[in-house]
Amino acid sequence: MNMMTTGAHAPRDRIVVNGRQYHRPQRTTVVICFDGCDPTYIETAAQAGVTPALDAMRSRGHFALADAVMPTFTNPNNVSIVCGAPPAVHGVAGNFYLDLTTGETVMMLDAAMMRAPTILAGLAEIGSKVAVVTAKDKLRKALAFGLDGIAFSAECAQGTTDEEHGIADAAGFVGLDKPDQYSAELSLFVLDAGIRLIEAGRADVLYLSLSDYVQHKHAPDAPEALAFMAAVDARVARLIELGAVVGITADHGMTDMSRPDGVPHVTYLGDVLDAAFGKGTTRVICPITDPFVRHHGALGGFVRVHVLDGSVSHRAVQDLLAGQPGVALVLRGAEAAARFEMPEDREADFIAVGDAGVALGACATDHDISQLAGERLRSHGGLSEQRVPFLLSHPVAKSDENRRLRNFDIFDFALNRVG
Ligand code: ZN
Ligand code: ZN
């Protein structure tokens with residue numbers, strides 16, 4: 001179904017998507033979602049002198065801090081960026097849900113949850129050569145929603161086909177072996193693929209979405225993090241050298257959620273609720289849950305709580321949750337949807353946000369902490385990870401609007417405001 005909001009008489013050098021206008025770019029335009037890139041990674045790498053291209057973007061282009069959408073997870077933010085709109089508009093407010101109609105938990109692995117068209121699909125429709133490259137395949141179908149163009153993941157770059165991905169044998173095209181899903185190379189492959197697509201004339205609008213493997217594992221000043229920042233920087237330099245306008249933002253930041261002794265700092269709300277009201281009367285959903293368990297053990301700073309048993313008092317649930325150590329905020333679903341621009345009809349009875357540095361979990365038995373293999377828990381999901389960098393390679397025209405800058409404004413800036 002064609003869900004574009006472009007009117008039949010609209011000029012073909014611009015589109016209107018989700019109420020905002022975007023120009024078809026005259027220059028190659030690349031937007032990078034730097035997964036998990038807390039602003040401290042940019043700052044620390046700059047101080048270490050390992051990111052000359054990012055430094056030049058800051059001094060000669062445009063640099064600001066923007067707010068990611070809540071919850072600060074990968075899927076809601078990536079979809080927001082390509083839609084130029086918050087979850088209330090596009091419907092994706094987590095990686096993992098309790099389907100309220102079936103009572104089953106579902107992983108978002110396709111575009112079934114999406115209710116809005118993307119800027120990418122719109123630009124392809126008016127003639128841009130659009131390519132989407134993601135680190136993880138779980139995001140590819142959502143980002144390629146309605147797109148007539150190229151879309152593949154580093155994770156599954158081998159065996160891509162023209163029919164499904166818009167490019168045959170993407171791995172062969174990029175000329176690199178498929179990287180391990182738990183590696184920094186997964187993200188670097190995405191950037192290398194973008195470079196190859198531009199060099200080969202296959203794309204002029206690109207969305208490149210990285211993985212936050214390194215940030216989950218390493219603090220900004222760790223040698224591994226600095227090496228990764230330097231490797232990303234070298235590829236950004238090449239994109240700029242190729243004449244591209246480059247915009248970089250992140251889907252969320254990253255916070256250390258371990259106690260000083262290294263043990264993850266977790267409040268297991270499922271256990272608390274089961275003890276108070278009985279097992280099966282409530283259900284805690286961790287929307288961070290995805291197949292990349294070694295990143296985070298499905299622990300982050302935001303959970304949804306469903307009350308399944310009609311005899312359980314909602315007020316009692318809310319009071320109990322709000323009184324737990326490490327819980328910063330508990331809201332009823334409708335209130336949370338309004339405050340955080342999430343789709344109200346998909347909201348749980350309650351949401352809970354953790355204090356900075358505290359993860360919220362379901363039951364302790366639901367989370368395999370051993371997956372962290374002794375590393376400190378670093379994760380995201382709450383308000384503490386909402387600040388993200390917002391960088392452009394070129395100066396931008398001043399805006400007279402006085403509105404809050406969001407990560408999903410990045411296409412607006414890259415397409416409409418670069419001089
Ligand atoms: Zn992410
Ligand atoms: Zn993550």
Among V307, G297, G278, flag the residue with its Cα farthest along the positive direction of the charge dipole of segment 267-419, charges on Cβ as +1 for Lys/Arg and -1 for Asp/Glu. G297
Ordered by packing density, taken as the mean number of other Cβ atoms within 10 Å over each peptide's residues, highest first, how do 14-21, 272-279 rank? 14-21, 272-279
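How do 295-301, 285-291, 347-353, 101-107 rank on mean C-beta neighbours within 10 Å, highest first?
On the way: 295-301: 26.3, 285-291: 22.1, 347-353: 24.0, 101-107: 10.1.
Packing proxy ranking, top to bottom: 295-301, 347-353, 285-291, 101-107.
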All-pairs alpha carbon distance profile, the chain, 10 Å steps from 0, percent: 5, 23, 33, 25, 11, 3, 0
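How much of the DSSP beta bridge set in segment 266-379 is antiparallel, as a percent to the nearest 5?
Values: 14 of 17 bridges.
Percent antiparallel among DSSP bridges in segment 266-379 is about 80.
Add +1 for every Lys or Arg and -1 for every Asp or Glu among the other residues with Cβ under 11 Å from the Cβ of F189, and state the total.
Details: positive: K178, R196, R235; negative: E155, D177, D180, E185, D192.
Once positives and negatives cancel, what remains is -2.
Working with all protein chains in place, sort K136, K217, K398, K141 by solvent-accessible area computed with a 1.4 Å probe, largest first. Intermediate values should be presented prior to the final figure.
On the way: K136 10, K217 65, K398 190, K141 95 Å².
Result of the area sort, largest leading: K398, K141, K217, K136.
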Compute, for M113, the solvent-accessible surface of its heavy atoms (probe 1.4 Å) with the complete set of protein chains present, and express it in square angstrom to the nearest 10. 40 Å²
With no solvent and one equal point scatterer placed on each C-alpha of segment 195-248, evaluate the Debye formula and give log10 I(q)/I(0) for q = 0.26 Å⁻¹, two decimals. -1.04
Expressed as a whole number of Å, what is the distance separating the alpha-carbon centroids of segment 16-77 and segment 201-258? 9 Å
Amide H contacts of R14 (H built 1.01 Å from N, under 5 Å, at least 5 apart or other chain): R24
Neighbours of C363 by Cβ distance under 14 Å: Lys/Arg at +1, Asp/Glu at -1, summed charge -2
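Treating only the Cβ atoms of Lys and Arg (+1) and Asp and Glu (-1) as charged, compute the dipole magnitude of segment 266-379 about its Cα centre; round to the nearest 20 debye. Write out the running numbers ahead of the final one.
Numbers: 10 positive and 15 negative charges, 35 e Å.
For segment 266-379, the charge dipole is close to 160 debye.
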Once the dipole of the chain is set up with Lys and Arg at +1 and Asp and Glu at -1 on Cβ about the Cα centre, which of G19, A131, G103 lies farthest towards its positive end? G19
Would you grab the residues whose amide H sits under 5 Å from the one on A328? Only those 5+ places off in sequence or on another chain, please, with H modelled 1.01 Å from N. V353, G354, D355
Computed [θ] at 222 nm, deg cm²/dmol, the chain (DSSP H ≥ 4; -39,500 (n - 2.57); rounded to nearest 500): -8000 deg cm²/dmol
Of the listed peptides 388-397, 408-417, what is their order by residue-averaged count of other C-beta atoms within 10 Å, with the highest listed first? 408-417, 388-397
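In square angstrom, what is the accessible area per residue of the chain with a 1.4 angstrom probe?
Accessible surface, normalised per residue, equals 37 Å².
How big is the antiparallel share of DSSP beta bridges in the chain, given as a percent to the nearest 5?
Once the DSSP bridges in the chain are tallied, antiparallel ones form about 60 percent.
Tally Lys/Arg at +1 and Asp/Glu at -1 over every other residue whose Cβ is under 15 Å from the Cβ of S59; what's the total?
Summing Lys/Arg as +1 and Asp/Glu as -1 gives -1.
Would you mind telling me the share, in percent, of accessible area of the chain contributed by carbon and sulfur at probe 1.4 angstrom? Before the final figure, lay out each step's value.
Working: 7810 of 15570 Å².
Reported share for carbon and sulfur atoms: 50 percent.
Ignoring ligands, DNA and RNA, how do Y268, Y207 rank by accessible area with a 1.4 Å probe, largest first? Could you put the intermediate results ahead of the total?
Values: Y268 50, Y207 0 Å².
Accessible-area ranking of Y268, Y207, largest first: Y268, Y207.
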Where the only charges are on Cβ atoms (+1 Lys, Arg; -1 Asp, Glu), what is the dipole of the chain about its Cα centre, to the nearest 20 debye? 1020 debye
Which one, A171, V50, P395, projects farthest toward the positive side of the charge dipole computed for the chain from Cβ point charges (K/R +1, D/E -1)? P395
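The values are calculated or read from the model by the stated rules, or taken from the named source; none is laboratory data. The model shown is predicted, which means the values in this text are computed figures rather than measured ones. Backbone-built Cβ (ideal geometry, glycine too); neighbour counts: all protein chains shown. Keep in mind that these areas ignore ligands, DNA and RNA; they rest on the heavy atoms of the full protein, side chains included. Shrake-Rupley method; radii C 1.70, N 1.55, O 1.52, S 1.80 Å.
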